[in-house]
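In what follows, a single structure is set out as structure tokens and then discussed.
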Amino acid sequence: MPYLIDGNNVMAQIVGWRRDKSLARRRLIHDLVRFVAVNRVKVTVVFDGAADANFPDGRVFKGVRILYADPGSDADSRIKNIVNRSSHTRDLVVITSDRPLGSFVAHRGATVKSSGKFRHMLEESFAAQTEAEKRGDTGAVDVDEWMSFFETGTK
């Protein structure tokens, strides 16, 4: 299920994010990269404002597609355009706390989740990942262990 994220709405869930918007963007992108890795989903994030030099418009960074508002416009308009062009809106999960945008995309069949709920989803994903790492469960398969388990004793 692909996620389409209103980046500034999600950044606004962190106190003090406006002090350094560039840093807040980079932190969110980092969080989204981890979310993609843990959940194996597609993520597109749309930010208001001019593109970051390190993350230009259209760049895919470790599974996260990064977009910005078109010049003279806002992220909500870009998200609406993406939803309008999507041939699979019922598969989309749009993350926003903007009520008019949420209503627009829901009317077109997309699922809407609030930025606050998504922040909690991020935290839960990271907690699960951290617990798995503590147990040594990296998701990798130990072939020798499986072979010994299924070995029939014939050699």
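Annotations for the structure displayed:
- The antiparallel fraction among DSSP beta bridges confined to the stretch 3-150 stands at about 10%.
- The stretch 10-20 - phi-based ³J(HN,Hα) in whole Hz, Karplus 6.51/-1.76/1.60, Gly and Pro as x: 6, 4, 5, 6, 9, 4, x, 4, 6, 4, 8
- Calculated from backbone phi, Karplus (6.51, -1.76, 1.60) coupling profile of the stretch 99-116 in Hz, x at Gly/Pro: 4, x, 5, x, 5, 4, 6, 5, 4, 8, x, 7, 7, 10, 10, 6, 4, x
- Sequence ranges 111-118, 16-23, ranked by mean other-Cβ count within 10 angstrom, highest first: 111-118, 16-23
Every read-out reported here was derived from the displayed coordinates using simple, explicitly stated rules and does not represent laboratory data. Quantities reported herein were computed from a predicted structural model and do not represent experimental measurements. A quick note on method: Cβ atoms are made from the backbone with ideal geometry, for glycine too, and the neighbour counts reach across all protein chains shown.
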